[in-house]
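The values are calculated or read from the model by the stated rules, or taken from the named source; none is laboratory data. Predicted model only: the values in this text are computed from it and were never measured. Glycine gets a Cβ as well: all are built from the backbone with ideal geometry, and neighbour counts include every protein chain shown. Areas reflect the complete protein model, heavy atoms only, side chains present, ligands, DNA and RNA absent. Shrake-Rupley method; radii C 1.70, N 1.55, O 1.52, S 1.80 Å.
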Amino acid sequence: MKTSITELFGIEKPIVLPGMSWISVPELVAAVSNAGGLGILATGPLSKEQTRQAIRKIRELTDKPFGIGVTLMMPGAKENAKVALEEQVPVINFSLGKGDWIVKAAKQYGGKVIATVVTQKHALAAQKSGVDALLVTGHEAAAHGGEVTSLCLVPSITDIVNIPVIAAGGFADGRGLIAALSLGAGGVAMGSRFATSKESPLHQHVKNTVVEKDVEQTIYSKNFDGLYARVMKTPMAEKATRRPMNFVMATVKSFKAAKMVDMPLWKLLLGLLSQFDKIKMLSLFGAATEKLEAATIHGDLEHGVQFIGQSQGVIRNIESVQTLMDNIMVEAKDIASRNRHYFEQ
Ligand SMILES: Cc1cc2nc3c(=O)[nH]c(=O)nc-3n(C[C@H](O)[C@H](O)[C@H](O)COP(=O)(O)O)c2cc1C
């Protein structure tokens, strides 16, 4: 299949694995790239050195294009982006921050840059900064999707930009792929679906729970990590999102996140002082780490909280990445020919 996204990145299938902390690890990234899509490494929980090692590991596992993701407002993210530029990673996907300097540096070695956006305003600003593509994340998405559903957000953005768009949020099968293409996107990014694949390191208990849960069993709240985020509906998630975390407790816990990425504490403090308005957000973000780790890594849904999208309600099996992607392409082709048939009657 040829779309603006397959052409831009030199891949066979317009399907992207987005960066998901503890999930989008070198093995899963390579599996998606080897199956013809674009795997993107999550660097949120990684230090500079771990990021470099992970990039090298991916290169051992695949010779296909791949990317790395950086959430720029998080401690250590800029350092990780610099490592990716040094290693001349083919694709860099940034979110929550200004990535002009990444665009400039990546262009020098022919690297491509994707900006993740959730509004028209940010889409236009990212396009102006010279990014090659946008990843547009709608309301249905796991974690930090926008306020507007993919059905309305994606076309509202494809209407006003002239660079390729990857649609994310609610896409999990061939039906979703055809829908995204119909909305003007050149491909889809699937988080929840790939997190529930055989090769994903997501704990088996969580994978089984995703298969059992329905579309309405998620919560979208600002009280979990400070930004609107979608998590699996469990008694712990309901408790964790009832009210914002106590600020002092959140700040203490945020140091844990800084330690995880080997960031010196003075640097975190300096960052907090220079960006006073972001203190609360950053603190809550760090505080969320503990609960996310408990669920995602240890499968503890009683004490942990799991990022998951509404597409959990259409995920009904756990398949290998290759089977999953092959099936998506077959299903999409069937739907496209059936749709053509409607007009021929
Ligand atoms: C288990 C899990 C962990 C995630 N972790 C992150 C993360 O660390 N950073 C991030 O920007 N997005 C994260 N996401 C969101 C995805 O990058 C993506 O935007 C989202 O999954 C797309 O929506 P979908 O789940 O409906 O496919 C995560 C998603 C899941 C399912």
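Some observations on this one:
- Straight-line cross-link reach from K48 at under 17 Å between alpha-carbon atoms covers these aspartates and glutamates, not counting any fewer than eight positions away in the same chain: E79, E86, E87, D262.
- DSSP bridge pairs, the chain: antiparallel proportion in percent, nearest 5: 20 percent
- Extending 7 Å from the Cα toward the beta-carbon at both K104 and N339 defines two label points whose distance is 4.1 nm.
- Along the chain, longest interval not containing exposed GluC sites (Glu not before Pro), exposed being DSSP loop plus at most 12 other Cβ atoms within 10 Å: 1-146
- Each of L284, G67, A30 was scored by the projection of its Cα onto the charge dipole of the chain, and the greatest displacement toward the positive side belongs to L284; charges sit on the C-beta of Lys, Arg, Asp and Glu.
- Pairs of Cα atoms in the range 106-160 fall into 5 Å distance bins, from 0 up to the last occupied one, in shares of 5, 21, 29, 21, 13, 7, 4, 1 percent.
- Cα centroid separation, the range 1-37 to the range 190-213: 18 Å.
- Applying 1/(1 + (r/R0)^6) with R0 = 45 Å to the Cβ-Cβ distance of K222 and Q322 gives a FRET efficiency near 0.75.
- Size descriptors for the range 287-345 (Cα atoms only): Rg and Dmax, in that order, 18.5, 58 Å.
- Between the alpha-carbon centres of the range 85-133 and the range 223-238 there is a gap of 29 Å.
- Debye intensity ratio in log₁₀ form over the Cα atoms of the range 33-74, taken at each q of 0.15, 0.17, 0.28 Å⁻¹: -0.37, -0.46, -1.00
- Kirkwood hydrodynamic radius of the chain, from inverse mean 1/r over distinct Cα pairs, in Å: 20.0 Å
- Accessible carbon and sulfur surface of the chain relative to its total accessible area, %, 1.4 Å: 55 percent
- The mean accessible area for residues of the chain, using a 1.4 Å probe and ignoring ligands and nucleic acids, is 45 Å² per residue.
- For the cross-link pairs K98/K333; K64/K107; K57/K78, the ones whose C-alpha atoms lie over 27 Å apart are K98/K333.
- Kirkwood Rh, angstrom, the range 30-143 [1 / mean 1/r, Cα pairs]: 14.2 Å
- Under 5 Å, built H, 5+ apart or other chain: amide partners of I68: L41, V91, I92, N93
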